[in-house]
Each structure stands twice: as structure tokens, then as C-alpha cells.
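Presented below is the structure to which this report refers.
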Amino acid sequence: MTTHELEQLLLQQPVSLLHRLARGRISRHFRSGKRKLIDLLLQASAENRPGLESDLAALIEEQSQRQQARPAATAPKPKVPARPATSPISTRPHRAEEHGHHEPPVSLHEWLSGIGVPQAQPFVPDAWQVDALAKLAETDVVVSVPTGSGKTYVAIEATKRAMQENRTVIYTSPLKALSNTKFTEFSRLFGPEQVGILTGDRREHAQAPLLIMTTEILRNLLYDAAGGEIDVRLDTLGLVIMDESQYLADPERGVVWEETLIFCPSQARLLLLSASIGNPQDIADWLTAIRPNPCALIRHTKRSVPLRAGYLHPNEKLTPLFRTAGIPYGQPHLLHPEAKRLFAEYEEETGPSRSR
Amino acid sequence: MPPSIHPVDLVATLRQRNLTPAIIFLTSRRACDEAMQSFERSQVTLPKAQQDQIARVLAQVTEQYPSIAEHPLIDTVQRIGVAAHHAGHLPSWKIAVEELMRTGSLDAVFATTTLAAGVDFPARTVVVTQSSIRKARDFTDLTASEIQQLAGRAGRRGKDLVGFAVITPSPYIDLTVLTKGLTGQPEAIHSQFVISYPMVLNLLKAHPREQIQSILAKSFAQFQLNQRTAVLETKLDGLRAEMEPFGPRVCSDWITQWQVFDQARKRKKPRGLGARQESPDVAARLHFLTPGRVVGLTRGRGIILRQYRSKGQHAPMVTLLRDGGSLNECPASIVTQVFDRTFDCEETSAYPWCTPQTLEQLTHHLLDLPPRLPILPILTHQNEEIPLDSSIIQTLGDFACPTCPSRQACQRDFPRASRVRQDIQRHMKSIQALQTSLWHRFQERIDVLERFGYLNATAQLTADGEWARLIRIDHSLLITELIRAEAFGAIDPPLLAAVMASIAHDDDRPGSFPRGSAGLVTLLFQVRKLAESLAPHEAPPMLRADVAALTERWVADQTLTWIGLARLTTMAEGDMFRLFARTIEFLSQLKTLKATHPSLAESADQAIAGMRRGVLEELP
Ligand SMILES: Nc1ncnc2c1ncn2[C@@H]1O[C@H](COP(=O)(O)OP(=O)(O)OP(=O)(O)O)[C@@H](O)[C@H]1O
Ligand SMILES: [Mg+2]
């Protein structure tokens, strides 16, 4: 690719993509506008052009995949060339920007419409929930879906199955408070004698088929088992559920999740439940590398209840935050003109006091 | 215009727009409490039916958690349908608020952004008033993951057709951080693997030292290091391809050959004026001033980020990350000592010469370094280049180069080829470092444990190691050393609980507290001294005497009620609860030493029994 072609291709990309590309290449890149950013990128990559080009191709690829995965209603679909090398020169503006700026912004009335309670419906599991359970019958599973999607359902169904096969289930959560809530919830569901809880100094129903504990307690059990002191019956352990597995990245406690996963007995299935994270495939690939069976990944980014974003001015004026009713994924610049104006006003008025 | 909307007006607007129930995230506990106070003065009152519902739900939760009944805000919550939920509250109260929210009885909750993931606490609307949060005494921008976790609570499945995330500004808000977070991808997560003393003891209990490396290789940390290795290997392939045209010539290692010849040739000539020589000391050090190296300076210490030559004078220069977090470019002579300590440094080709993550990690490492570090002994050569035997110089005529057919090619290609070769060697070193760093850190821990006598020379657990491995909490080295120093001889349960509390507590929120007993003061003095002497091997805990005294009171005076205790201090109830819960956790580890330290285990058991009363008994 010539420098000119590369520059044209960069020009066609949304700023967010350019910022991602700039990570690690340019310091304080968030301060630069699009034009400046492209210049800096070209400068910074003078030595390693192939690196920049391949990263760019990967980002474009990733973005187009994301856009295909997203339903049409939530966001305008920018057309991104799937293979950058084939269509480098194009001077017409990017379609996404065309769309964003020419379609009239959503009105407050539209934005507020549709509030309400959905009609009660019989429970039908989502496709991803069914999929996760099917995969779990075969192998370890990592689930990474947005907050509030229904991960608990997967945990409960998987527990029921394991219990039917007379296998022990361990459910871990990062916090004692969460363990307590789950203990109450699961006791109600499975019957109190079926559910036990283990903390540092207390054990209730330690012989129950479903045991709830924090990840630290499970790690300690695994230490003891490895040291030859069998405590809880790990030989019948059939399933380990780790809720909120994104804690793997916790600066202080993340290591405990790693240890637990490294030492988890190979005959037990793993079910990792996580909020949306950027690289769930890495987790699945890692587990595939260290566990007897390849680990399946269930991920999606679509929220089950659509989200809208708004801006509320201190004078109580409410407006949509973006030009679109839904969240314009990948296009943070599509601000609603009214929100833009009000916020500029806010910055103007509170400006002097902020610098004090 | 006010700098931010008044809480009462905010809730009124949300009600009017049918956007309740809402969770309103505020910057601090204090802000949440003040928001609640502003409602106490307001005239709003809920319709009777909703008030009754709140009362019903509260009564139900109170059956399980009696302490809720004593909460001072119960009446306000019932009257106005608004509550606060933050870490200053008792867990039981938080459970009550969560239950009220789940049953749809409240209109709004003021919460801090620490609201834990996984707590089932959804609403129709989430209000965000900030774009940064306080982390380790510093304000950092919210990440996309964090913003999406907050916004993710908006829109309850089965109860809402749509959810709303509303941003309302307050001073210091940066709108672009929020819009980017809402529309962006959550960040990738990175391994936070650290090797602790208990980990080393427990691994060596179950596996011989030879197997450890293969166990560490199974970590997510190594998985991600391997990903970085793969990137470097691709680069290495590229460099090797670049090297190909310079392939075998008359001599197999022509680059070195030419270098030696060239040096010898130049040395015969009188030294030019331009070629300024650095002192042999500096020259010898240069090889060690590689990215990630910790060095001593005339004042303070620093970590090298890059080594280069100044443009004009060609003087050796370094880019340094210094104690205060500043980045300086200075002459290499500023380095007074080279320490035997390097950190991973993911280099980049532009300022600040490493990735932002590396920079952040290094800044932390620099703060966490022990006061004393081993110094790397450096042999100083008199010449800065490959030391040449004078006989070689004498017999310059013996070199084949002057008459070699590829002489011209060698002379022409040398600068590029040697640069590429250097790059290849640098990459190979980095790859080597990535592959062995975990094991090195593990070995460092082994060395310390061996020096203290928990491991023998073949890295097997000694008698002390056997019980010490059961202490699997932070500050484990301090605790096991205290036990070995018999600091806990025939210790009273209140005193033991107090010391453990001071070790366990890691919050520096100030407050006023009761005074501790004379015995506690003396004991804490000893603990502090030991902790300081261990500082090179383990970061000392805060060892706050005030929280220790509070704990001592609670265990010593069994007639003291929770409310009575709360009156003795300005510490928030939630913080008191957390302090005690963590102390109990630490004590329960001492309890596991029954076989080797029966009286200590017994005392720990009694201390736990003494602590578990009132609200501390409500939760398992
Ligand atoms: N298939 C489904 N259809 C309708 N509602 C569902 C379905 N699955 C789960 N839910 C409901 O969705 C809500 C949220 O579920 P859950 O608490 O399991 O989410 P989660 O993914 O664990 O969220 P978090 O990230 O907050 O832990 C619950 O009220 C649950 O009953
Ligand atoms: Mg959940």
C-alpha cells in the first residue's frame, strides 16, 4: 500500500477505530482530532508500516464482524471494506458519517416512547442459554454476555443436571455478600438440605450436593487436596461454576481465579460466567490449552432490554444524548445537537470555577 | 446555573418522565448521604399504598436480619421512597435496599460506583454523574467495561421494554469518556498473576521443584506472555529475512570479523577529535541500562525506558522513569548504581518508549520497591569496545579482510547488518525473558523462604514450612514470623483479635476511636518493628492502632452492643463490619494451626466466638 492509499483508508475509518489503532503507538492520542491522529499514526509507524497495516486490517475485520452480529435496529451499519487492500482509494465520505449527519436526530418524544412493562410471557430460554447448556454437556464453557442477560438460568439448569447424575457442584462468587444471596436463592429453589455454604470459619451443610463459597475458599480446598488432605469430596465433583469470572483481571484477587482454574480437577466441568469483556476468546483459548477438552465460548453483545442514553441538564431539561434512539455503537461522535449545545453551555458556565 | 442538579429535582424529573425506578450513581458515600438529607427536609410524601408496600417488604427482611430495624433512615425511606446504598452501610441494610428495589417499591437509590458486580439490583434508569473514579488516591477515567457495567443495570428483563442511561453533569465530568464508554467495546482483560509466599509453599508441598515451571506455564499470565512472544517471533522472522541477503560470505561470521578488523584498523590511527569517549565506568554500565532496569541515581531511583545516543555529541543517554513518576531524558552518567532488578517492559517506538500499561506497571513497581536492592557488580574495562588484544593490533596484516574479495560488500553492509543482528539479539533476549519471568519470580520467593527457614536447600518444606503453608492470606510472612517469634505466646483472645485486625485492615479512612490497652500498645510496637524488618520481602500492613483498639473493645467487653460500639467511633458501620469480617477470616486461618500451635488456635477460636455476636451473627 502506498502512503497515500493508507492515508485514504485511515480517513475512511471512524475515529474510535483510529484511537484503538493509536494505542501504544501514540501517547495521549485521545487529545487529537481525526486529521491530527492520522498524521501522527503515519509518522509513528514510519519504521513499522507492515505492523500498522496488519493491525488496521484486523481492526476493520473485527469491526465489520461486530456490525454483522448486531441487529439492524440498534445502530446504523457503516459499510466497511472487508479487505482493506482492495479498495484503498475512495474519496467519497464514509457512509456511516453520511448517515449519522443527514438523518434527522431523534426527538425527545420518540426517545421517551415505548416505556412500559412487557406482557407476562411463559419462560422461553434464549438461544445462547440453550447453546451454553448443550455445549456444557460436552465440555467446559465460558459465557461472556452483557449484565442482566440471564446467566443465572444457565447456572441453575447446569446444576440440576449435575445433581441428577449424583455429582457435586461448586458455585463460587467473588464476594461473601453474593454467596449469601445465592445461598438464600438456591436454598429456596433446590431445598435447604441440598445447598451448603462454606466460609473461612463456618460450614453449613458441607456434605450437600451444591456448595457455595468464595473463590478463595475453593482455591484453599484445591491446595489441601493437592497436598493430600482431602476435605470436601472432590472425587465426585462434576461441575464448577465461577460467577463473575471477569474478576480474573482484579489486581489483588485475580491470581486466585487463575490458581483455581489451573488446579481444578480435570474430571469436573467448568462453567465460567462473565460480564462482557474484550477478549473472552483468550480465556477460552487458555482453558483449551490447559484442560483436557477444548473449551467452548458463548458470547454476544446484544442487550436483552434495549438501552437508550440521555442527557439531563442541571436546569432539568432532558434530551437524548445521541442522534439515534439506541446507542450508536462504535460512533461516539454522533451526539444529539441539543445535548451538544447544552453541554457546551454547561462547560462554558462552570468553566472558570473548574479551573480554580 | 448550579454546577449539578439538586437531588430532589433530579428524582422529581425522573418521576415526571416515568423514568423510575432509578439508580443514581454519585461520587462518594458522603454525596449519597447528603442527597438523602436533602430529602428529609423536602415535603414530598409517597402515596399510602407505596408506603405500605415498603413497610411490608422491610418487615419481611427484618425477620431474617433484625439489625435493619435499628437503621435511622427507615422512616425517611418509607416516606419518600428513596434510599442510599453504599459501603458505609451494614450488609443487612444493603440487602434490605436491594430487596426493596427488586420488588419495585422504591423510586430511586443513591449509590456509589463500587456497587458490586453481580448484586441483583436493576432499575429502569441509571443516572451517571461522573466520568472518573478514585482509585488508589488518584482519579482515573472510568473504563468502557465499568461504564457498561453501570449502564447495564438499566432496563430490567421482564419488567421494562426499554432501559435508560442518563448522564447529568457535575464539575470535572468529561462527556467524551462517557460517550466513548457507552458506544465502545469493553477492554480486554489482562492477567494479574502474582507469586505469593503461600502459593510457593503450597505448590512445593504437592510438587517437586522440577515440576513447578510446567505448572506456572499453565497460568493465564504465561498464556498472555506467550501471545507477546508470538508477536516478537513474527518480528524476529522478519528480521531474519532481512538478514538473508547478508548470508554466508567468505567467513561464516563476517559481521564480527569485520567489526574486529574495523576496530583494530581505526585504533591504529590517532584518535580523532570528534570521537568523544565516555568514561570506562559509564561505558561498562551501558550494557546493563536496558529497558526495565532499576537504577540508582544521585537522588532517588529510576527505571530505564530506553537507551540512545544524543543527536549532536553522540553522548550515551537514557530515558528514565523517576520516583515521582516523571519521565526524564538524561545523560547515562546520571546513573550511579545498577541494581540487580529488572521489570518487564513492553517497548514502543515513540515517547514514552513503552506501552501505557507498562508505564503504569513500572510506576507502581517503582513505588513498591523495597528500600534496599542488590547491586549488580560491573566489571569496568579500560576500553569501551570489545577489548582487543594488542597482539591483534600488531598483526593487522594477518587479517584476511584487506585482500578478501567480499571486502567491499562487508564494508558496505556492515552498518545495516550489525544493526539487524543487534535487533535479533535484543528480540531473542526479550523472548527468553518472557518465557522465564514467572519462574524467576518464583525462584526469588523460594530464596527468601529458604533464608527464613520455611524451605530447605532442596526447596522442600521444613517443619515450619509445613504449618506456615496453612496461612493463606495477605501479609502471611509477617504472621508466620510473629508466630515463630512467639509474639503470641499465651495471648488473650481480645489482644489477638486486635493485632489481627490491625494486620487485616487496609483502609486509611481516618476517624476517631477508643484507646487501646497498654498491652496492645506494647504488642503493636513489636509487630511494627518486625513488619519493618520484613519490608524488603513483604510490604508492611498499615497496622492501625485505632482499629485494633476498637476490635479489642468488642471482644473484651462482651456486654457491649453494636450500637454502643458504633458510638465509640466515627467509623462507618459498614467499615466496622468489614473490619471484623476480615479479622475473623484471618483468625480462622490461625485456627487451622491446631496441630502445631494448640494454644494459639484455641485463642483464635475464642476470639472468633467473642466477635460473632449481634450483626456479625446475621450472615454466615
Ligand atoms: N430467557 C429468559 N427470558 C426472560 N427472562 C429471563 C431469561 N433468562 C433470564 N431472565 C431474567 O433476566 C433477569 C436477569 O438474570 P440474571 O440475574 O441471571 O442476569 P446475569 O446475567 O447473571 O446478570 P449480572 O451480570 O448482573 O450478574 C432475571 O430476572 C431473570 O429471571
Ligand atoms: Mg449474575
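What tally of residues in segment B:146-172 results from selecting those that are within 7 Å of chain A (Cβ to nearest Cβ) and in a helix (DSSP H, G or I)?
Residues flagged as within 7 Å of chain A (Cβ to nearest Cβ) and in a helix (DSSP H, G or I) within segment B:146-172 amount to 3.
I need the full set of residues from segment A:258-277 which are within 16 Å of ligand 1 (Cβ to nearest atom) and modelled with pLDDT of 95 or more, in order please.
A:LEU271, A:LEU272, A:LEU273, A:SER274
What are the residues in segment B:132-159 that are charged (D, E, K, R) and either away from ligand 1 (no atom under 16 Å from the Cβ) or out of contact with any strand residue (DSSP E or B) (no Cβ under 8 Å at 6 or more places or on another chain) (or both), if any? Talk me through it step by step, then tell me what you get.
Taking segment B:132-159 as the starting set, the residues that turn out to be charged (D, E, K, R) are B:134-135, B:137-138, B:141, B:146, B:153, B:156-157, B:159.
Result: B:ARG134, B:LYS135, B:ARG137, B:ASP138, B:ASP141, B:ARG157, B:LYS159.
Within segment A:331-338, is even one residue more than 30 Å from B:ASP174 (Cβ to Cβ) and either in a loop (DSSP other than H, G, I, E, B) or within 16 Å of ligand 2 (Cβ to nearest atom) (or both)?
No: zero hits.
Condition first: within 16 Å of ligand 1 (Cβ to nearest atom), in the same structural domain as A:TRP257 (by TED's automatic domain parsing) and over 30 Å from B:ASN18 (Cα atoms). Can you find one or more residues in segment A:195-206 that meet it?
no
Mind checking whether some residue in segment A:258-272 is surrounded by 22 or more Cβ atoms within 10 Å (Cβ to Cβ) and within 16 Å of ligand 2 (Cβ to nearest atom)?
Yes, that holds for at least one residue.
Can you find, within segment A:279-295, the residue that is farthest from the other protein chains (Cβ to nearest Cβ) among those that are surrounded by 17 or more Cβ atoms within 10 Å (Cβ to Cβ) and in contact with an Asp or Glu (Cβ under 7 Å, 6 or more places away or on another chain)?
So, considering only residues that are surrounded by 17 or more Cβ atoms within 10 Å (Cβ to Cβ) and in contact with an Asp or Glu (Cβ under 7 Å, 6 or more places away or on another chain), the one farthest from the other protein chains (Cβ to nearest Cβ) is A:CYS295.
Suppose we keep only residues that are closer than 14 Å to B:LEU286 by Cβ and surrounded by 15 or more Cβ atoms within 10 Å (Cβ to Cβ) within segment B:321-357. Which one would you say is nearest to the chain's Cα centre (by Cα)?
In this case the residue turns out to be B:VAL338.
Being polar (S, T, N, Q), more than 30 Å from B:VAL615 (Cα to Cα) and within 16 Å of ligand 1 (Cβ to nearest atom) narrows it down to one residue among A:SER113, A:SER149, A:SER107, A:SER179; which is it?
Selected residue: A:SER149, the only one of A:SER113, A:SER149, A:SER107, A:SER179 that is polar (S, T, N, Q), more than 30 Å from B:VAL615 (Cα to Cα) and within 16 Å of ligand 1 (Cβ to nearest atom).
Within segment A:126-145, work out how many residues are within 14 Å of chain B (Cβ to nearest Cβ) and either touching an Asp or Glu at 6+ places or on another chain (Cβ under 9 Å) or within 11 Å of ligand 2 (Cβ to nearest atom) (or both).
3
Determine, yes or no, whether A:THR215 is among the β-branched types (Val, Ile, Thr), away from ligand 1 (no atom under 15 Å from the Cβ) and either surrounded by fewer than 23 Cβ atoms within 10 Å (Cβ to Cβ) or at pLDDT 95 or above (or both).
When the stated conditions are applied, A:THR215 passes them.
Scan segment A:297-326 and report the pairs whose first residue is more than 7 Å from chain B (Cβ to nearest Cβ) and whose second residue is buried (at least 24 other Cβ atoms within 10 Å of the Cβ) and hydroxyl-bearing (Ser, Thr, Tyr), with Cβ atoms within less than 7 Å and a gap of 6+ or a chain change.
Listed pairs, sorted by first residue: A:ARG299/A:SER144; A:THR319/A:TYR311.
Is it true that A:LEU6 is under 28 Å from the mean Cα position of the chain (by Cα) and modelled with pLDDT of 60 or more?
So A:LEU6 does not fit the description; no.
Taking only segment A:146-179 into account, find how many residues are more than 14 Å from ligand 2 (Cβ to nearest atom) and within 14 Å of chain B (Cβ to nearest Cβ).
Number of matching residues: 1.
When you scan segment B:347-459 for helices (runs of 4 or more DSSP H) that lie fully inside it, which ones turn up with 3 or more residues that are at pLDDT 80 or above? Working first, answer last.
Details: elements: B:356-368, B:390-394, B:407-452.
Passing ranges, in order: B:356-368, B:407-452.
B:ILE608 versus (1) out of contact with any Lys or Arg (no Cβ under 9 Å at 6 or more places or on another chain); (2) within 14 Å of chain A (Cβ to nearest Cβ); (3) crowded, with 18+ Cβ neighbours inside 10 Å; (4) in contact (Cβ under 8 Å) with a residue 24 or more places away in the chain: which is the lone unmet condition?
Result: B:ILE608 fails condition (1) only.
Conditions: (1) of a type in the set (A, V, I, L, M); (2) surrounded by 24 or more Cβ atoms within 10 Å (Cβ to Cβ); (3) within 16 Å of ligand 1 (Cβ to nearest atom). B:VAL162 meets all but one. Number of the miss?
Going through (1) of a type in the set (A, V, I, L, M); (2) surrounded by 24 or more Cβ atoms within 10 Å (Cβ to Cβ); (3) within 16 Å of ligand 1 (Cβ to nearest atom) one by one, B:VAL162 breaks only (2).
The values are calculated or read from the model by the stated rules, or taken from the named source; none is laboratory data. Because the structure is a prediction, the values reported are computed rather than measured. For neighbour counting, all protein chains shown are included, and Cβ atoms are generated from backbone atoms with ideal geometry for every residue, glycine included.
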